Each structure stands twice: as structure tokens, then as C-alpha cells.
Amino acid sequence: MRSSSKPVLSLVLVLGVCNGAPAMAPGSFVVVANVDTPALDPDTLQKVYLGKVVEVGGRPIIPVNLTKGNTLRAAFMEQVLEQDDEKFVAYWTVRRYIGKGSPPREFATMQEQLEFLRKTPGAVGYLEESAEIKQGLKAVMKKP
């Protein structure tokens, strides 16, 4: 009986250690934009992602998102938009239905999003804090 409990106890300890020490703090991200994008404060950024602001200083702003289920997206939703993913999707479902726009374009990977941001004036998105901000982009906001 004792020998059969050791593997279970070991598994519990391993899972506890793995869950307690993530490689990257979940929710650490930086909001980045194409270099041609005007400055955005947190309130304006939130309005951009909710479709309430579509241009700043006469320039169109194009928000982008990672796909639903991404932990970085969840952190962005919580810390910048102050809502969870379900509310965000429901919000955009209603807005689209009544003809008030479309939700931000989604990308499956951070790399795809990064390329779009670099090539698209007015584009704004977010990357892992540890990601390299390449030429053609600028940091707009950092969330630890």
C-alpha cells in the first residue's frame, strides 16, 4: 500500500512545483504600435479596442488581438479593457449585429501579429514583455 501512494504523492509535488513557478509572469505584456501611430493613453486605448474611437489626430487606428484562449489576450483584456474575454466577445457580437463595427482582427500567433503591426500604419497590439520590439514598432504602454 505504501509503494502505491509514493507515485501519487510525487505527482502532486511535481504539479505543485510546476504551478507555483511559471517561466513568465502571466499578464506581463507591452502594448506596441506601428511607428506611424499617434500616442495613445490608457483610456483612449480602451476606447479603440471597444470601437468607440477609430481615429486619433485624424489618423485611423487599427487594433489587433490574439485569438481567444491565449493567456496574453486574457491578461490584456483584464488589465487594459477591464473585462473578461466572454464579455468582450458578447460586446462585439451586439455591436456587429446593430451595425456598429467589427471586433479587432485576430492573429493565431504573436509573430503574425508582430508582422501586421510592423507593416500597418495605425496598427496597435500587444506582445509578451520579453518579446523584442523590432524596427517599425514603438512601445505604447507596459503592464507588469
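The values are calculated or read from the model by the stated rules, or taken from the named source; none is laboratory data. Please read all numbers here as calculations on a predicted model, not as lab measurements. Side chains are part of the model used for accessible areas, which takes the heavy atoms of the whole protein and leaves out ligands, DNA and RNA. Shrake-Rupley method; radii C 1.70, N 1.55, O 1.52, S 1.80 Å.
Laid out as a table, the results:
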| item | result |
| --- | --- |
| Gain upon complete extension [SER130, VAL89; 0.36 nm per residue less C-alpha separation] | 12.0 nm |
| Compactness relative to 2.2 N^0.38 Å, alpha carbon Rg of region 29-144 | 0.98 |
| Residue order for MET110, MET141 - accessible surface, 1.4 angstrom probe, largest first | MET110, MET141 |
| Phi to ³J(HN,Hα) by Karplus 6.51 cos²θ - 1.76 cosθ + 1.60 over region 53-63, Hz, x for Gly, Pro | 10, 10, 8, 10, x, x, 10, x, 10, 10, x |
| Distant-in-sequence amide H partners of PHE29 (H built 1.01 Å from N, under 5 Å) | GLU129, LYS143 |
| Amide H contacts under 5 Å for LEU137, placed H, 5+ residues apart | VAL35 |
| Convex hull of region 76-144 built on C-alpha atoms - directionally averaged projected area, nm² | 5.4 |
| 5 angstrom amide H check on GLU106, placed H, neighbours 5+ away | ASN65 |
